[in-house]
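Engineer: Structure provided below as structure tokens; questions to follow.
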């Protein structure tokens, strides 16, 4: 019975740490965590546990460990002496956590190092110009309207509205192909 | 007198615009040479060129008071704008001339107006007026760079490519932003989709607005 509870608390702890550190949900505090997961533990004891778990998670995340690296790392941790030692349950919780959250944590860390404005979203529509007040339209050319959402975390986005005729759109596509080629070259060398 | 069908309303509409009426009145005792100078300046202005210098020198060299000249110029501008609006398939040269005759303008002047509207300069005038359509900014310049981040303070092996973009728009503004690879794929896909839509639209020609 206690084991199941312990497992839940371990997983809960890791999830909460991730939310605070990686997913930017800052309403959770250490105090609240302790009350929620380990109410019988003393403050100092909990702090030690919290710091230990957070530290382990950080080491795993910064190295973006794969399965074998993680296993080796956790095994080493379980063989340590003293308070730094990780119990088998804790190691199992870390392993489970990382298996499911690795990609998400990595994405979050990458996003944290993007300080420039980034492209967040895009919407568009294609219109046919039917008439206007200055000249006739024998030839109704299609016009594409694009709305780009540009923003940074923590700031309101800016919406950029642009107009394209077919020629310009073609140019854009060609540039996109050039960029793609460049990315492919880079990815293959990495 | 042969019975003729009712004349179609003037290309200027049921009511002659006041600038044009005023122009007709003020064209009395304006000589042909001055008329041509003014017309030339107005056509340049319609093509988008800056004509203040030209207008000034025409005004200074003329005995006609400035106020009268401004009425003439305003009228010319309006008349030509209205005429260019209508496709040549709808407004034929003879009808145009007839409408101008109703304004009781000298025949020489009518011929000059006609040669602007139906002559070789028309294309330039149409192109210039389409620039004044209400429209959103367009992309004038698109510069890019692909970067790879090797390592960050929170990831020792990032190896993540990213596209840095700088756009210059027709309204003069610059926008610099980063496009993560996943977003780039989305952008590229959508651009291709838009082009396909545009091509399809032209092929289908859903709306064929013919006069």
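The values are calculated or read from the model by the stated rules, or taken from the named source; none is laboratory data. This one's a predicted model, so the numbers in the text were calculated from it and none came from an experiment. Cβ sites come from the backbone with ideal geometry, for glycine too, and all protein chains shown count toward neighbours.
Engineer: Got a sec? Which of B:125, B:164, B:169, B:155 is modelled with pLDDT under 90, surrounded by 14 or more Cβ atoms within 10 Å (Cβ to Cβ) and outside the structural domain of residue B:93 (by the TED database)?
Structural biologist: Testing whether each residue is modelled with pLDDT under 90, surrounded by 14 or more Cβ atoms within 10 Å (Cβ to Cβ) and outside the structural domain of residue B:93 (by the TED database) leaves just B:155.
Engineer: Another question, if that's okay. Could you tell me whether region B:96-104 includes any residue that is at the interface with chain A (Cβ under 7 Å from one of its Cβ atoms) and either within 28 Å of the chain's Cα centre (by Cα) or under 30 Å from residue A:112 (Cα atoms) (or both)?
Structural biologist: no
Engineer: For residues that are modelled with pLDDT under 90 and at the interface with another protein chain (Cβ under 8 Å from one of its Cβ atoms), scanning just region A:114-128, find the one that is surrounded by the fewest Cβ atoms within 10 Å (Cβ to Cβ).
Structural biologist: A:116
Engineer: Working only within region A:92-113, note down all residues that are within 13 Å of chain B (Cβ to nearest Cβ) and surrounded by 17 or more Cβ atoms within 10 Å (Cβ to Cβ).
Structural biologist: A:102, A:105, A:106, A:108, A:109, A:110
Engineer: Something else now. Would you confirm whether or not region B:116-139 contains a residue that is over 28 Å from the mean Cα position of the chain (by Cα) and touching a residue at least 12 places away in the same chain (Cβ under 8 Å)?
Structural biologist: The answer is no; no qualifying residue exists.
Engineer: Moving on to the next point. Which ranges mark the strands (runs of 3 or more DSSP E) fully within region B:122-211 that have 3 or more residues being more than 9 Å from every other protein chain (Cβ to nearest Cβ)?
Structural biologist: Hits in region B:122-211: B:139-149.
Engineer: May I pose another question? Collect the residues in region A:164-180 that are over 33 Å from the mean Cα position of the chain (by Cα), part of a helix (DSSP H, G or I) and more than 7 Å from chain B (Cβ to nearest Cβ), keeping them in residue-number order.
Structural biologist: Once the filter is applied, which keeps residues that are over 33 Å from the mean Cα position of the chain (by Cα), part of a helix (DSSP H, G or I) and more than 7 Å from chain B (Cβ to nearest Cβ), region A:164-180 yields only A:167.
Engineer: For region B:52-72, which residues satisfy the criterion of being buried (at least 18 other Cβ atoms within 10 Å of the Cβ) and under 22 Å from the mean Cα position of the chain (by Cα)?
Structural biologist: B:55, B:72
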